[in-house]
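Below is one structure, written out as structure tokens; the observations come after it.
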Amino acid sequence: MIGRIVWGAVTDHTDKYVTLCIICAIPVLTMGFLAFSPGMIPAIICMALTALCYGGFGGTITPITADLFGSKYITENYGVMYLMFGIAGLLGPRIAVTLNNNGDYSRAFLVGCILAAISLIAAFIVRKKVKSSMK
């Protein structure tokens with residue numbers, strides 16, 4: 001919940017696509033750090049930052065969906081976008097458990113880092129697409 005508030009405030013001062021890129025970039029760093037850092041305090045900080053981004057993504061997806069697909073069918077398109085968000089929320093923990101190596105989740109965090117990097121690339125592509133269509 002706090003992520004929606006924090007990232008909503010960031011979006012008020014920047015572009016929503018810049019906010020989306022930041023929201024996708026932070027987990028690249030935090031998941032990468034978690035994959036190689038065994039410390040408890042850094043792990044808690046990284047997980048809190050990642051959770052903050054998870055909430056923020058849920059808040060930024062609505063206006064971005066409206067921009068990409070138009071506001072006429074926002075409810076239908078948002079439902080599909082949020083369905084994918086939910087499926088990822090179900091599959092992520094399952095993948096993490098599969099990659100668990102006797103309590104060592106470093107491989108799962110590395111996969112999370114890679115997936116976050118892919119999402120960051122996708123966010124840049126969406127940002128570029130929207131910027132070029134506004135010209």
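Read-outs throughout are calculated quantities, based only on the coordinates presented, and are distinct from any laboratory measurement. Bear in mind the structure is a predicted one, so any value in this text is a computation, not a measurement. Quick reminder, even Gly has a Cβ in these numbers, built from the backbone with ideal geometry, and neighbours come from all protein chains shown.
Structure summary
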read-out: Checking Ala51 against (1) in contact with a helix residue (DSSP H, G or I) (Cβ under 9 Å, 6 or more places away or on another chain); (2) free of Cβ contacts under 8 Å to residues at least 40 places away in the same chain, the condition it does not meet; value: (2)
read-out: The lone exception for Thr50 - which of (1) more than 17 Å from the chain's Cα centre (by Cα); (2) surrounded by 15 or more Cβ atoms within 10 Å (Cβ to Cβ); (3) of a type outside the set (Phe, Trp, Tyr) it fails; value: (1)
read-out: Close pairs from the range 118-135: first in contact (Cβ under 8 Å) with a residue 24 or more places away in the chain and closer than 17 Å to Thr65 by Cβ, partner of a type in the set (Ser, Thr, Tyr) and assigned to a helix (DSSP H, G or I), Cβ under 6 Å, at least 6 apart; value: Arg127/Tyr17
read-out: Filtered residues of the range 67-83 (kept if in a helix (DSSP H, G or I), of a type outside the set (D, E, K, R) and either in contact (Cβ under 8 Å) with a residue 12 or more places away in the chain or over 23 Å from Asp15 (Cβ atoms) (or both)); value: Leu68, Ile74, Thr75, Asn77, Tyr78, Gly79, Val80, Met81, Tyr82, Leu83
read-out: Members of the range 10-44 found to be out of contact with any Phe, Trp or Tyr (no Cβ under 9 Å at 6 or more places or on another chain), surrounded by 12 or more Cβ atoms within 10 Å (Cβ to Cβ) and of a type outside the set (Ser, Thr, Tyr), listed by number; value: Val10, Asp15, Lys16, Val18, Ala25, Ile26, Val28, Leu29
read-out: Of residues in the range 66-90 being among the β-branched types (Val, Ile, Thr) and more than 15 Å from the chain's Cα centre (by Cα), the one surrounded by the fewest Cβ atoms within 10 Å (Cβ to Cβ); value: Thr75
read-out: Residues that are touching a residue at least 40 places away in the same chain (Cβ under 8 Å) and either within 25 Å of Ile64 (Cβ to Cβ) or of a type in the set (Lys, Arg) (or both), drawn from the range 84-114; value: Arg107, Gly112, Cys113
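Let's see how each residue does on (1) over 24 Å from Lys129 (Cα atoms); (2) assigned to a strand (DSSP E or B); (3) over 15 Å from the mean Cα position of the chain (by Cα):
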residue	(1), (2), (3)
Gly3	yes, no, no
Ile26	no, no, no
Ile41	yes, no, yes
Cys46	yes, no, no
Gly59	no, no, no
